[in-house]
Every structure is written in structure tokens, then in C-alpha cells.
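Encoded as C-alpha cells, the structure appears first; notes follow it.
Throughout, read-outs are computed from the coordinates displayed, never taken from laboratory work. Note that the structure is predicted; figures quoted are calculated from it, not measured. In this analysis, Cβ positions are derived from the backbone assuming ideal geometry, glycine residues included, and neighbour counts consider all displayed protein chains.
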Amino acid sequence: MSAASAEDAAMPADAGYRQDERHRAVVITGLGAITPSGHDVAALWASVSAGRSAIERLDGEEFADLAVRIGGQVRDFDAGAVLPRALARRLSPVQHWAIAAADQALAQGLGPSGSGVGGGSGVVGGRGPAATELPWESSRIGVIAATGSGPVDAMQQATRALLEGGPRAVPLTLAIHGAPDSAAALLSQRYGIQGPAQGVSATCASGAIALGEGLRRIRHGYADAVLVVGMEDCLNPVNLSSNANMRALAAGFEDEPHTACRPFDRTRSGFVMSQGAAAVLLESAESARARDAEVLAELAGFGAASDAHHPTTPHPEGRGAAAAVRECLRDAGLDASGIDHINAHATGTPAGDAAELAAFDSAFGERARTISITATKSSTGHLLGASGVVEAIIATQTLREQSLPPTINLGDPEFEGWDFVTEARGPGRGSSVETVLSTSFGFGGHNGAIVLRRAGADR
């Protein structure tokens, strides 16, 4: 199964992980999620694994005249439970969600012994853990905030204020909190993290690429832990209209929004936009072992590539996507036989789904048609730059629960001979899911792929 070199095979190992100064294993110890499927990871997994759709009609007055009026909304979130009211008023909802998801991931990662961290939202007294409560040196933990667009509502509101009230009406906070990377700074300040804090933006591949950058930081010794947060909120009239005008969105489903996202189905017509945030706490296996932390999964490999083809349409043969998958397999020390399950990017666009399967054919050869494939955006909708982190969480839960979540709305598959998971199921008699490939592709030809390995699994 493994294509690792003889040199790598000779490396000292611990608990199934390669462990030396040149190639430290990287594990996941904390997860957090604020999504249309629910306000924590348990709710997200329960919804996705049960095949429930989080997509609904958008009934707000601002959506009334739009061509597409469906999406996945975060409902009933109380920012005051996470942040002081004054700060919450200055921030965008997407930043509220990012902070709450990060609090959850740190709360799980630190466990019951982490002072100042409690259950539920992962906060006590409206704050997350302070620097003195973190088990790593403050300079040895970093933050990466992944997003395609950042807090776009802040710029849109500031533009309206300028037009209606003139220059002095533009809020001061736009320059501070309006940038795509602002959440990284907010989280760094919240927890006292003094390692690198930055944003990553690569459209819908942002989350996967941010996880890959976190993996590399830890693997090569630049950090002991990295908090990766994906966040997105483009569910507004401007972004919905732009994507609808490109005919990228599924249209005409206002009466049955839960059926709109149809990856791999013959009747698919576009993606469905959702909002939310998710967080993954990465750390070295050595660090997790030293503090007796529960390892949820290993982040084993990462690959990225560009199509260099078209602003929106993927290369029809999945050229960049296949290159990212192949690089990811090499990085994880695997060959084509080493992947047990795929959580596909699969947004439900006609060209995108076809190109992704072409990429799998190219990367896996004859093995491609035997690997089980799930497209969970059919349930969650497309969280754009946050989707890679959301789906890394779903992949982690797939490994932990040994259960494959279904692709819903796939009643008439266009592509024959593939093992699409349409009902929740186990890995099969006498087998287990040891590895999951999660793919993320985006406008501009951005491609990212990650491999997750079951905690403690043999290499």
C-alpha cells in the first residue's frame, strides 16, 4: 500500500506515526463548527450522516428580487455567548462564527483539564483559553484563517454608508476588521498566540490549502501546533447575484430547496451557497503524546496545483485536480491502493463534477472505480473557502465512527461504474476505513487535496 521510500521506512516510528526532526507526524486533536447543519461538530455530523439537507428558502426582504433565493443559513447563533457585546457589534457574523468554532476546537484539544475552557460553545465567561492556559509556548503555535472573501458584508455596508452619508459615515472598523485575514489577528489576540497568524485565500480551495500549510509548518519544525479556521459568508444579494449571473448556482428550487444540490446526478445544474465556519487544531504527534491528548485523526498528506486553464471552468480532464491528488498521495507515502474513501469536492456543477471524476481516473487508474465516494455538499451546501475545513471535519468523523455519510439527491447518476455512497453505510464486512481523501477545487483553477488517516492506524 505504501510508496514511501526506503529511507522513510527506516525512520523511527511511534504509535504508527513517522517521527523524526525532518518529518514529524501531524495529528488533529480538536474540532469546531458553526454551520447551517448546527452549532457544533456533533450536530454537523448527525445531520450529514443522516442525509439531512441544511438548505432552505431565503425569505428575507433583501432576497425577494433575486433569481436564486435558496442557501444554507446559520440560524439562532448568539454572538454574546462568545464575545463581549461591544466587540460583537464591531465584527461581522462570519467572524463571530470563526471565533466560536476556534473556541470549540481548543476546548476539545485541551480537554477537561484546560482551565477556562468549558463545554457547549467551548467558552466560559465569553472568552476562549488565555495564553497561560495553552500547553505550547506562545511563539510555537500559529493561526491560519482560510476564506475566499472574508467579511464581505463589512465592505458592502461601508459602501452604502459612503453613498448615503459621505466619507465621514464610513466606519473606522472597516480598516481594522474588514480584511480577509482579520480573523487570524482576532484569534491571535484572543488566545495570546505569538506564532505566525495569517490568512489564506484560494477561493473554494482555501480551507484545504490552509490545512496543508499548517501541516507543513508543524512537520518541518516551525510550529508545534497550528489552529486552522475556515470561514465564509457570501449569502448576500451581491454575491448570490454574481454567481447566479454566471449560471453557477442551482436555480428554480425555491419550493424544494433541500433537493437543489445534486452532485453527480444527471439533473444537476449548479451549486448551493452556504455560510459558516469550522476549525481544526493541528499539533505534532509528539506534542499530543507528551500531554496525553486524544488524537482524533492524522493529517497525513497534502497536495496543491493549478489548472492554468480558465477563470471559472475547470480543465475538462481535471489536470490540476489530478496533479494535486497525486502530490497528496506522494506526500502521505501512499500509492493508488492506499485510499479507502473519498469525500469529493463535488458541488453539483455539470463541468466541475465531470472534471473531478476525470481527475480521479487519472490519479488512481483502474482503482478509481472501486473507491467509495461521498459528496457531502449535497447536505451542507457549499461553504466556499470554509468547505475544505468543514469536510476535513466530516472526514475525521468518518474515520472515528467508521461510517460513510451519504450523497443525497443522487437519484439518477450520470456517471456509471462509480461507487457513490447514496445511503449511510459501514466500510464493508471484514474491512475498515483507514484513510480518507478530501478534495477542494475552486474558481481560478485552485486545487487542494488532503489525506486523513485513522488515529493509530499502521502506515
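Of all beta bridges that DSSP places with both ends in region 301-454, some 65 percent have antiparallel geometry.
Give me log10 I(q)/I(0) at q = 0.11, 0.25, 0.26 Å⁻¹ for region 291-376, Debye formula, one equal scatterer per alpha-carbon, no solvent. The Cα Debye sum returns log10 ratios of -0.33, -1.35, -1.42. What does DSSP give for the chain in terms of the percent of beta bridges that are antiparallel, rounded to the nearest 5? Beta bridges within the chain, antiparallel portion: roughly 65 percent. Values [x] 68, 55, 38; [y] 75, 61, 48; [z] 63, 48, 45 are given for comparison; Cα extents along the principal axes in Å, derived from the coordinates here, is the one labelled [x]. For Asp419 and Asn245, the FRET efficiency from 1/(1 + (r/R0)^6), where r spans their Cβ atoms and R0 equals 51 Å, is about 0.90. Amide H to amide H distances under 5 Å link His382 with Val272, Met273, Ser274, where only residues 5 or more positions off or on other chains count and H is placed in the peptide plane. Length available on full extension from Glu62 to Arg369: 0.36 nm per residue minus the Cα-Cα distance, which gives 106.1 nm. Among Ile70, Ile339, the order by Cβ neighbours within 10 angstrom, fewest to most, reads Ile339, Ile70. Note on the chain: helix-only mean residue ellipticity at 222 nm, from DSSP H runs of 4+ residues weighted -39500 (n - 2.57) and normalised by residue number, equals -9000 deg cm²/dmol.
A cut-off of 5 Å between modelled amide H atoms, ignoring neighbours fewer than 5 places along the same chain, links Gly142 with Ala225, Val226, Leu227. Within region 178-261, the chymotrypsin sites (Phe, Trp or Tyr not before Pro) that combine a DSSP coil assignment with at most 13 other C-beta atoms in a 10 angstrom radius are Tyr222. Full extension of the chain segment joining Asp335 with Arg85 gains 84.9 nm, where the gain is 0.36 nm per residue of separation less the Cα-Cα distance. This ranking places Trp136, Trp97 by how few other beta-carbon atoms lie within 10 Å of each, fewest first, which gives Trp136, Trp97. Phi angles across region 239-254 convert, under the Karplus curve 6.51 cos²θ - 1.76 cosθ + 1.60 with θ = phi - 60°, into 3J(HN,Hα) values of 5, 4, 5, 4, 5, 5, 5, 7, 6, 8, 9, 5, 10, x, 10, 4 Hz, Gly and Pro given as x.
Once the Cα-Cα distance is subtracted from the 0.36 nm per residue extended length, the Ala175 to Arg400 segment shows a gain of 76.8 nm.
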